[in-house]
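For reference, the structure is listed below as structure tokens.
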Amino acid sequence: IADAARAVKHRGAKSVYITATHAVLAGSAVEKLKKAPVKELIVTDTIPLKGKDIPNMTVLSIANLLGEAIRRIHKSESVSSLFV
């Protein structure tokens with residue numbers, strides 16, 4: 001993804017944003033993303049990211065979504081309607 005960010009910047013993109021649901025930042029991913037020409041990396045907190053600090057990374061919580069899903073399951077309400 002870091003190479004893709006460089007490629008689109010090279011081809012004229014004004015800014016690059018990356019989004020990921022599960023940010024599995026394994027191996028040298030953190031170092032590569034720190035060097036990539038990315039304006040913002042937006043991820044969810046579905047997996048632990050402690051020690052994976054990237055200055056332009058925004059972590060969004062899914063706590064409210066999970067809480068609402070649990071509430072709906074408990075009350076036999078639709079969970080799928082959360083995602084449409």
Inset, instruction - Answer yes or no: is there a residue in the range 2-12 that is at pLDDT 95 or above and outside any helix (DSSP H, G or I). - result: yes
Inset, instruction - Give just the number: which of (1) in contact (Cβ under 8 Å) with a residue 24 or more places away in the chain; (2) under 16 Å from the mean Cα position of the chain (by Cα); (3) not in a helix (DSSP H, G or I) does P55 not satisfy? - result: (1)
Inset, instruction - Looking only at the range 1-56, count how many residues are farther than 26 Å from G67 by Cβ and polar (S, T, N, Q). - result: 3
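Within the range 59-74, how many residues turn out to be in a loop (DSSP other than H, G, I, E, B) and surrounded by 11 or more Cβ atoms within 10 Å (Cβ to Cβ)?
Of all residues in the range 59-74, those in a loop (DSSP other than H, G, I, E, B) come to 61-62.
Next, only the ones that are surrounded by 11 or more Cβ atoms within 10 Å (Cβ to Cβ) stay: 62.
Matching residues across the range 59-74 total 1.
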Legend entry - Enumeration of residues in the range 3-62 that are in contact with a helix residue (DSSP H, G or I) (Cβ under 6 Å, 6 or more places away or on another chain) and β-branched (V, I, T): V16, V38, I54
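Within the range 5-39, can you find the residues that are open to solvent by 40 Å² or more (accessible area, probe 1.4 Å), over 23 Å from L60 (Cα atoms) and free of Cβ contacts under 8 Å to residues at least 12 places away in the same chain?
Keep residues of the range 5-39 that are open to solvent by 40 Å² or more (accessible area, probe 1.4 Å), which gives 6, 8-12, 14-15, 17, 19, 21-22, 24, 26-28, 31-32, 34-35, 37, 39.
Filter once more, so that each one left must be over 23 Å from L60 (Cα atoms): 6, 8-12, 14.
Residues satisfying the conditions are V8, H10, R11, G12, K14.
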Legend entry - Residue check for K35: basic (K, R) and over 14 Å from the mean Cα position of the chain (by Cα): yes
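The values are calculated or read from the model by the stated rules, or taken from the named source; none is laboratory data. Predicted model only: the values in this text are computed from it and were never measured. Ideal geometry is used to build each Cβ from the backbone, glycine not excepted, and the neighbour counts take in all protein chains shown. Ligands, DNA and RNA are excluded from the accessible area calculation, which covers all protein heavy atoms including side chains. Shrake-Rupley method; radii C 1.70, N 1.55, O 1.52, S 1.80 Å.
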